[in-house]
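Visitor: A single structure is presented below for examination.
The values are calculated or read from the model by the stated rules, or taken from the named source; none is laboratory data. Here the structure is a predicted model, which means the values were calculated and not measured. As a convention, Cβ positions derive from the backbone with ideal geometry for all residues, glycine included, and neighbour counts pool all protein chains shown.
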Amino acid sequence: MLGLMQDQPLLISSLIEFAERHHGGGQIVSRRVEGDVHRYTYVDAARRARQVANALASLDLGFGDRVATLAWNGYRHFELYFGVSGSGRVLHTINPRLHPDQIAWIVNHAEDRVLCFDLSFLPLVQAIHGQCPGLKHYIALCAAEQLPADSGVPGLCSYEAWMGARDDRYVWPRFDENTASSLCYTSGTTGNPKGALYSHRSTLLHAYGAALPDAMGLSARDAVLPVVPMFHVNAWGIPYAACLTGAKLVFPGPALDGRSVFELLEAEQVTYAAGVPTVWQMLLAHMKPAGLRFSSLKRTVIGGSACPPAMIQAFRDDYGVEVLHAWGMTEMSPLGTVCTLKNKHQALDDAGQMQVRLKQGRAIFGVDMKIVDDDGGELPWDGQTFGNLLVRGPWVIREYFKGEGGDPLQDGWFPTGDVATIDAEGYMQITDRSKDVIKSGGEWISSIDVENLAVAHPAVAMAACIGVPHPKWDERPIVMVTLKPGATLTREELLAFYQGKIAKWQIPDDVLFVDTIPLGATGKILKTLLRNNLKNYRLPGL
Ligand code: AMP
């Protein structure tokens, strides 16, 4: 017997409709590429998203056709999120930090028909358009008068001219909730990038899950600033979750340096921010020497790479901000776990709570996870045993776009490529990416642990630990560090700092002082490049 409830498809258009109707006056504030700050409301955004849908209808696009963006976080990008997906097309957000050849490859693989881009990416578009014959329409996200006269990009028009004069009445179509809504390619450190193709249903379920109190915990009283880009897994779903809760949205545009982010946080009285550790490192580096304080920020969700305990501590002790350590991946829309305490942890002292907080957290309802050995046997949740982390759920991919890379699943579970422990309370902690874990004398060393300890030293700004070949032990860890401005540190001092904090055999064999540590397009340390650069490196004494 079937239930007798209404069969309403879960569609992205319903999010902007809801925000317009129930939080119409809610603000959306954007720092623009032009440098100024733009502000309007959910009512304005919904109206313009409908104009976008009407403008798309004039472009001779089919249902499911891909509309690509190369854009920062801002209100026009936000309108495209709803105008494109809501009208049944697929929004393909491209990471502009990728190499131009890789971007051209992605555009062609996705068969993008339209490319909407911020003017700051014009040189990039000029470089690739000749390689992308399938792109039929180029739209610059600017006003008509800002459009460059001789761009060399065929048929380039301005977004405002293209959509501004359209009718703002539009009835969002109803269709199967499993219809594709947006597309995001993985960073692809090895091989070609692969596309994660989200659906309306997966996006809405993820938005519900993300908004839960023990997940992101967003509400109508929050002002949210996603520093995490809208081109990286839909800014972790924040634009959708904000519509669902009515939170104020604050978009930083291209200005992601510490000073700009701090000024916007303060000017807009932001209560909630989200980003990768490297962004927060820039923010804290700006604030500390100037003795600056937050007047409104309460919580910040940090993920994408392991958040060092020193950062969680600095936010809490120096600034009174709660860090929510989160883990996820492009293939998971992206949220998998968020670290919030349970009732029983309230009684722990500071050090005890910190032991919990630095884990990547517990699964959000909707994500099922387990750890397995190399034969697929499930491992215990004892907080000690580590194994390959597998996940499944309605917002986890079943396969990649166009079947790229074959069937990724193992008995219906998606292998994340991460190695982790899970404790008896269900808190998961990432040991490493499986390809980054260091195998020394038959034991595993977590590069994340070695890095976290290095950045706990007051002189160290950033650290990267990799394994290098060793004739006896197979591999040994070495750590590369950058120092804070004006700080000094010797190899011996840093090695001594490790004593007593981790097992002797886990202490790195060498310290290399470097000017910069290379980061990939999504802010993660490029360990493949580091390993490659150090091909001829020899450990001391060998
Ligand atoms: P991406 O698909 O580019 O977002 O990368 C996903 C990968 O980033 C995961 O599989 C992890 O290896 C890593 N990652 C994400 N969040 C965390 C975290 N909080 N701690 C450690 N690694 C993380």
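Visitor: Restricting the search to the stretch 231-263, which residues are surrounded by fewer than 23 Cβ atoms within 10 Å (Cβ to Cβ) and among the aliphatic types (A, V, I, L, M)?
Guide: 244, 255, 256
Visitor: Only one of these is closer than 17 Å to residue 229 by Cβ, among the aliphatic types (A, V, I, L, M), crowded, with 16+ Cβ neighbours inside 10 Å and in the same structural domain as residue 248 (by TED's automatic domain parsing): 139, 106. Name it. So that I can check it myself, show each step before the final result.
Guide: Working: 139 fails: closer than 17 Å to residue 229 by Cβ.
Matching residue, one of 139, 106: 106.
Visitor: Six or more apart or on different chains, Cβ atoms under 8 Å: show the pairs whose first residue is in the stretch 247-269 and under 14 Å from residue 279 (Cβ atoms) and whose second is of a type in the set (Asp, Glu) and at pLDDT 95 or above.
Guide: Close Cβ pairs satisfying both conditions: 254/118.
Visitor: Looking only at the stretch 441-498, filter to residues that are farther than 21 Å from residue 276 by Cα and among the polar types (S, T, N, Q); which one of those is surrounded by the fewest Cβ atoms within 10 Å (Cβ to Cβ)?
Guide: Residue satisfying both the conditions and the ranking: 488.
Visitor: Filter the stretch 275-303 down to the residues that are out of contact with any Pro (no Cβ under 9 Å at 6 or more places or on another chain) and part of a strand (DSSP E or B), then identify the one that is nearest to the ligand (Cβ to nearest atom).
Guide: 301
Visitor: Still on this structure, I have one more. Please tell me if residue 237 is within 16 Å of the ligand (Cβ to nearest atom) and in contact with a Ser or Thr (Cβ under 7 Å, 6 or more places away or on another chain). Break it down into steps so the answer makes sense when it comes.
Guide: Values: within 16 Å of the ligand (Cβ to nearest atom): yes; in contact with a Ser or Thr (Cβ under 7 Å, 6 or more places away or on another chain): yes.
Taking the combined requirement at face value, the residue satisfies it.
Visitor: Moving on to the next point. Quickly run through the stretch 329-360 and pick out the residues that are under 29 Å from residue 240 (Cβ atoms) and more than 14 Å from the chain's Cα centre (by Cα).
Guide: Going through the stretch 329-360, the residues under 29 Å from residue 240 (Cβ atoms) turn out to be 329-342, 356-360.
Scanning the stretch 329-360 gives 339, 340, 341, 342, 356, 357, 358, 359, 360.
Visitor: One residue is enough: does the stretch 504-516 have a residue meeting the conditions of a type outside the set (Gly, Ala, Ser), within 16 Å of the ligand (Cβ to nearest atom) and either over 25 Å from residue 229 (Cβ atoms) or modelled with pLDDT under 90 (or both)?
Guide: Applying the first criterion (of a type outside the set (Gly, Ala, Ser)) to the stretch 504-516 yields 504-516.
Next cut, within 16 Å of the ligand (Cβ to nearest atom) only: none.
No, that holds for no residue.
Visitor: Related question: Among the residues that make up the stretch 250-262, is at least one of them touching a His at 6+ places or on another chain (Cβ under 8 Å), among the charged types (D, E, K, R) and not in a strand (DSSP E or B)?
Guide: Among the residues of the stretch 250-262, at least one is touching a His at 6+ places or on another chain (Cβ under 8 Å), among the charged types (D, E, K, R) and not in a strand (DSSP E or B), which makes the answer yes.
Visitor: Let me ask you something else. If a residue has to be within 24 Å of the chain's Cα centre (by Cα) and farther than 21 Å from residue 269 by Cα to count, how many in the stretch 15-44 make the cut?
Guide: Here the count works out to 3.
Visitor: Kindly indicate whether residue 418 is more than 27 Å from residue 341 (Cα to Cα), in contact with a strand residue (DSSP E or B) (Cβ under 6 Å, 6 or more places away or on another chain) and acidic (Asp, Glu).
Guide: Details: more than 27 Å from residue 341 (Cα to Cα): no; in contact with a strand residue (DSSP E or B) (Cβ under 6 Å, 6 or more places away or on another chain): yes; acidic (Asp, Glu): yes.
Answer is no for this residue.
Visitor: Here's another thing I want to ask about it. Failed condition for residue 193, given (1) more than 16 Å from the ligand (Cβ to nearest atom); (2) closer than 25 Å to residue 124 by Cβ; (3) crowded, with 16+ Cβ neighbours inside 10 Å; (4) not small (Gly, Ala, Ser), with all others met?
Guide: All conditions pass for residue 193, except number (1).
Visitor: Name the residues in the stretch 418-434 that are closer than 21 Å to residue 214 by Cβ and touching a Lys or Arg at 6+ places or on another chain (Cβ under 9 Å), would you?
Guide: 421, 422, 423, 425, 426, 427, 428, 429, 430
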